[in-house]
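The values are calculated or read from the model by the stated rules, or taken from the named source; none is laboratory data. Bear in mind that the values here come from a model prediction, so they are computed numbers and not experimental data. Here the Cβ positions follow ideal geometry from the backbone for every residue, glycine too, while neighbour counts run over all protein chains shown. Each accessible area value is taken on the protein alone, full model and side chains, heavy atoms only, with ligands, DNA and RNA left out. Shrake-Rupley method; radii C 1.70, N 1.55, O 1.52, S 1.80 Å.
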Amino acid sequence: MSALATPRLAPAPEASRLAPPRAWIDPDRNKSWLRRALPIVLAHRRTLFTALALSFVSLLLQVQIPSLLNDALNHSIEAHTAPLAHYVRIVFAIALAAGLTAYLSRLLLMRTAYAIEADLRNIIYTHLTRLDFQFYDRVQSGQLISRANSDIRSVQRYLIFGPSILVQCSIALVAFAYMLTINVGLAFVALCTLPLVFLMGLRMRRSIFPVSWLIQARLAEIATTVDENVSGVRVVKSFVGEQRELHSLQGTAQRVRWAYIKDADIRARFTPVVQNLPQLGLAAILLWGGYLVIHHHLADGAILAFSLYIVMLQAPFQMLGMLVMLSQRAAASAVRIYEVLDEQPKVVDGPLAVDLLDARGEIAFEHVRFAYTDGGPAVLDDLDLRLEPGETVAMVGRTASGKSTVARLLTRFYDVDAGAVKVDGHDVRELTLVSLRHQVGVVLDEPFLFSESIRENIAYGRPDASLEEVRSAARAAGAERFILELPDGYDTVVGERGYTLSGGQRQRIAIARTLLVNPPILVLDDATSAVDVQVEQEIHEALRTLMQGRTTLIVAHRLSTIALADRVVLLDSGRIVADGTHAELMESSPLYVEVLAQAEADERERRGRSSAAGGQAGPPAAGPAGIEALL
């Protein structure tokens, strides 16, 4: 009998060795993108504010130099009232201190930048792990990869370098104060171009935002195209589609190129104006200041000091264009990131969800109706099915009859639209997802392996499993023989998705991965479809022993798989239309005979293609009588 408990989860989550993000994005969608990201920045405020303070000190020290040069020119060179070496030593000491504080500021600033970037990346990845399959059914992986990389980098750069640029701009106020102490009128003449710089910055901001958004979107298209071509390289080469895919990629690259050129055109029109307007202020200083010096209303050193202050003010103005560009690109990227973070999963633990522990394995589908899209055609319609504890049931049906969907609903990859799926009498929506999926082991028809060692792939569900436990699971799945023949045995690292192994080898490792977890409920979604007859018989012998006392649902696309079942159900048009033993259905259900005959024809065609390609032949063809003998 299953045990329900609320104090603990099953299994206990593995403790992370890395620190989690210090803060999260503000969920309030009514706030601006910057205010929503503010908690992330404030979580690193100690190092960030220290870096900005050191930057301000460095700039403040640099501001002293023009004033010192003014005094040196007036007192040491013209009036000879103070030694020149005195000012040289002071300027050298200030320059050394400014350089040291600038170095420390830059170091802390970059550390903060990468820490914020890591937090943002962890936040989006954590959220992606919480989203359900309906989200992944409609979103391209390349789009997600782009948002988790280039978009995050754009946001990080603005969150860090934006305040840094503002600090550098703020030093202009200090410089202006020093200029006021020298000559008030000349100080205002020097800053006469500031209003024009502000207006040009506003126009640049309005122009560059839509282009920035377009650039990020088209970079995501590039990522999607490359990801699909790498993942589907075997399909591309099988159908000689290299040139077609190359043309597609070239078209996407051209669209990115157009967006970048448009962005460059906008910056080429505005940035020179913003950066060079202060030069007009320098010309005005030379004109008006020269007039004052000639008429003895201003000391000679003041012209030098004002000129240096104007040069110092040019850097913030030059960065102003960069700040506008960074802000618009970050805003566009933040919108794309928030589109993912604002997506809420539909399949979640209910407020009163409890853990399912020590499941007996009783399964019931009660009047289940399900469609993959809202308002779409029903894949399952009024489905009723019951599995007793320890029973093995094979589900047979035509292609696209909903067989695999039944397995997905049992593990709550999706929620039913109507009716209920129950385990040990409990609606799966009333159970925690972690405990439910720990009790149900699934072997899919398309095995997925990670780019890790074979041992790590088998132990994925139980990372703490010993090597002997891993080997026992591999032996049970008929995988150990070929594993030991590999160069590094269980430590052999498989390629991406395990494509360095054959389909049958990948399938056996996937079966071993599930067997190691030893779940009380087992779902085999045509798990032996990719193996040859001899290996299939070895796996079947192991499965017969392992399925004893375990509730097993077999999604059967292959005739020999039905031999494992105690009972067979026939699925058609989203509902069970026949239920019984194989022999009973062969006598009573013409549709069952038709489905088996079609499956046999498909298998024969597959064997023919395999033989033509030099592969191993499968079992000999059989008519209904042969099917009877096989089962």
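Of note:
- Filtered residue count, the stretch 411-467, keeping only those that are touching a residue at least 40 places away in the same chain (Cβ under 8 Å), charged (D, E, K, R) and part of a loop (DSSP other than H, G, I, E, B): 7
- Unmet criterion (only one of (1) in a helix (DSSP H, G or I); (2) among the β-branched types (Val, Ile, Thr); (3) open to solvent by less than 20 Å² (accessible area, probe 1.4 Å)) for Val347: (1)
- Contacts under 6 angstrom Cβ, first residue in the stretch 164-190 being within 15 Å of Gly301 (Cα to Cα), partner β-branched (Val, Ile, Thr) and open to solvent by 40 Å² or more (accessible area, probe 1.4 Å), 6 or more apart: none
- Among the residues of the stretch 154-176, just one is surrounded by fewer than 16 Cβ atoms within 10 Å (Cβ to Cβ) and farther than 20 Å from Thr50 by Cα, namely Leu173.
- Filter result for Asp137 (among the acidic types (Asp, Glu) and either open to solvent by less than 50 Å² (accessible area, probe 1.4 Å) or farther than 24 Å from Gln216 by Cα (or both)): no
- The one condition in (1) touching a residue at least 60 places away in the same chain (Cβ under 8 Å); (2) open to solvent by 10 Å² or more (accessible area, probe 1.4 Å) that Ala102 fails to fulfil: (1)
- Scanning the stretch 32-49 for residues that are closer than 12 Å to Ser164 by Cα and open to solvent by less than 60 Å² (accessible area, probe 1.4 Å) returns a single hit, Leu48.
- Residue in the stretch 429-443 that is open to solvent by less than 40 Å² (accessible area, probe 1.4 Å) and in contact with a His (Cβ under 8 Å, 6 or more places away or on another chain) present: no
- Filter result (in a loop (DSSP other than H, G, I, E, B), over 18 Å from Pro447 (Cα atoms) and at pLDDT below 85) within the stretch 519-556: Met547, Gln548, Gly549
- Within the option set Val256, Val293, being of a type outside the set (Gly, Ala, Ser), at pLDDT 75 or above and touching an Asp or Glu at 6+ places or on another chain (Cβ under 7 Å) holds for one residue only, Val293.
- Within the stretch 58-89, being of a type outside the set (Ser, Thr, Tyr), more than 20 Å from Met179 (Cβ to Cβ) and open to solvent by 30 Å² or more (accessible area, probe 1.4 Å) holds for Ile77, Glu78, Ala79, His80, Pro83, Leu84, Ala85, His86, Val88, Arg89.
- Residues (assigned to a helix (DSSP H, G or I) and within 15 Å of Lys346 (Cα to Cα)) located in the stretch 128-156: Leu128, Thr129, Arg130, Phe133, Gln134, Phe135, Tyr136, Asp137, Arg138
- Being modelled with pLDDT under 90 and closer than 30 Å to Leu34 by Cβ is a property that Leu313 has.
- Within the stretch 496-509, considering residues that are touching a Leu at 6+ places or on another chain (Cβ under 8 Å) and open to solvent by 10 Å² or more (accessible area, probe 1.4 Å), the one nearest to Leu444 (Cα to Cα): Arg506
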